[in-house]
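First up is the structure itself, then whatever we jot down about it.
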Amino acid sequence: MLKPLHNYVLLERLDESEKTAGGIIIPDNAKEKPARGRVVAVGPGAYDGDELTPMTVKKNDTVMFAKWAASANEIKLDGKDYILIKETDILGIL
């Protein structure tokens with residue numbers, strides 16, 4: 001498994017419901033990528049001068065992240081899709 005460096009977080013995307021609240025089924029080609037994920041691995045944190053700022057999220061947290069995060073890198077490991085993102089692009093822990 002990949003061990004992120006610095007303040008990067010490896011996420012596994014969580015699927016959203018295929019139906020809207022009104023019961024409309026959304027086809028696969030019209031779905032937006034979900035902005036929820038499960039934390040698979042985290043880096044040690046970022047340095048601010050000589051001091052290490054530790055990470056806030058931890059493995060197995062479910063998080064919301066910015067859909068169009070500038071730091072997002074989609075990667076494939078062992079046939080599974082993941083996203084590598086900076087912790088600052090995570091909006092909150094669910």
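Read-outs: derived from the displayed coordinates by stated rules, not from any lab. This one's a predicted model, so the numbers in the text were calculated from it and none came from an experiment. We place every Cβ from the backbone using ideal geometry, glycine too, and count neighbours over all the protein chains shown.
Please report the net charge: other residues with Cβ closer than 14 Å to the Cβ of V40, K and R +1, D and E -1. Walk me through the numbers on the way to the answer.
Details: positive: K3, R13, R36, R38, K58, K59, K76, K80; negative: E12, D61, E74, D78, D81, E87.
Taking every Cβ under 14 Å from that of V40, the sum is +2.
Across the options M55, T88, A69, the greatest Cα extent toward the positive end of the charge dipole of the stretch 40-89 (unit charges at beta carbon of Lys, Arg, Asp, Glu) belongs to A69.
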